[in-house]
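The structure appears below as structure tokens.
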Amino acid sequence: QKEVEQDPGPLSVPEGAIVSLNCTYSNSAFQYFMWYRQYSRKGPELLMYTYSSGNKEDGRFTAQVDKSSKYISLFIRDSQPSDSATYLCAMSSGANSKLTFGKGITLSVRP
Amino acid sequence: DSGVTQTPKHLITATGQRVTLRCSPRSGDLSVYWYQQSLDQGLQFLIQYYNGEERAKGNILERFSAQQFPDLHSELNLSSLELGDSALYFCASSVEMGQFTDTQYFGPGTRLTVL
């Protein structure tokens, strides 16, 4: 079993939809949870960063962590065509521990 | 634009060869990370340097090596290349204490194709 599993997708939604992207993990030591967005032919960029459990909101994006279920989610409200990208979850057990990434899911938002 | 530059953008070479990938971090960033991204393995951490010193190692093969120079640019050397080494190689940099949880800024990547 891989340490981090992410729905493989791809995912296609109409503009304005609410998108839910999810990752599960097996390592209970993970404490830091991140979501990266990667546009085609570009490097990943940090979108959201959460420490431990709970929710964090930034504009149309909400990151949710449920450590008891070892499950994290990224919600995108009022999705836009510009949100079309690959989304990768990443996790770490400590500040000096490497990031472990999910394989990423490609999202397409149709105008 | 993240401010991290990587050269070359594309590299096509043959099995058994050796290549060098170059990364210039954002101005002021002391930490450099190297990652490999392939379709089957996803994005995997290879190695990190902080202010010229190796800080952490990930899934880096013995055929691969890296260094960070006094001007903070970094090079990733890949030798005895195999078909399976074909991938996107990303460099990232961060400004703070070289911790993985610092915001990492990724470069555009080098696409390596081994024929």
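The values are calculated or read from the model by the stated rules, or taken from the named source; none is laboratory data. Because the structure is predicted, anything quoted here is derived from the model rather than measured. Cβ sites come from the backbone with ideal geometry, for glycine too, and all protein chains shown count toward neighbours. In case anyone asks, the SASA skips ligands and DNA or RNA and just uses the protein heavy atoms, side chains included. Shrake-Rupley method; radii C 1.70, N 1.55, O 1.52, S 1.80 Å.
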(request) Could you tell me the accessible area of B:S27 in Å² (1.4 Å probe, neighbours in place), rounded to the nearest ten? (result) 120
(request) Using a 10 Å Cβ count of at most 15 others and DSSP loop calls, identify the longest part of chain A lacking such trypsin sites (Lys or Arg not before Pro). (result) A:3-40
(message) Tell me which trypsin sites (Lys or Arg not before Pro) from the range B:1-88 have a DSSP coil assignment and no more than 12 other beta carbons within 10 Å of their own.
(response) B:K9, B:R18
(request) Using a 1.4 Å probe over the heavy atoms of the protein chains, calculate the carbon and sulfur portion of the accessible area of chain B as a whole percent. (result) 48
(request) Give, ordered by residue number, each residue of the range A:85-110 whose 1.4 Å probe accessible area is reduced by a minimum of 30 Å² on adding the remaining protein chains to the chain alone. (result) A:A95, A:N96, A:K98, A:L99, A:F101, A:K103
(request) Give the carbon-plus-sulfur fraction of the accessible surface of the range A:1-62 in %, rounded to a whole number; probe 1.4 Å, heavy atoms of protein chains only. (result) 46
(request) Taking a probe of 1.4 Å and counting only protein heavy atoms, give the total accessible area buried between chains B and A in Å², rounded to the nearest 100. (result) 1600
(message) Over chain A, with the other protein chains present, what is the accessible area per residue in square angstrom, probe 1.4 angstrom?
(response) 47
(request) Apply 1/(1 + (r/R0)^6) to the Cβ-Cβ distance of B:T20 and A:S68, taking R0 = 45 Å, and write down the FRET efficiency to the nearest 0.05. (result) 0.45
(request) Kindly state, to the nearest 0.05, the FRET efficiency for A:Y51 paired with B:L115, given R0 = 30 Å and r defined as their beta-carbon distance. (result) 0.10
(message) What is the sum of charges, Lys and Arg at +1 and Asp and Glu at -1, for the other residues whose Cβ falls under 12 Å from the Cβ of A:E3?
(response) +3
(request) Using a 1.4 Å probe and ignoring any ligands, DNA or RNA, find the accessible area of A:V4 and quote it in Å² to the nearest 10. (result) 10
(message) Could you compute how much accessible surface A:V109 exposes when probed at 1.4 Å, giving the result in Å² to the nearest 10?
(response) 10
(message) Keeping every protein chain present and rolling a 1.4 Å probe, give me the accessible area per residue for the range B:1-109 in Å².
(response) 47
(request) Once you have the Cα-Cα distance between A:R60 and A:S12, take 0.36 nm times their residue separation minus that, and quote the gain in nm to one decimal. (result) 15.5 nm
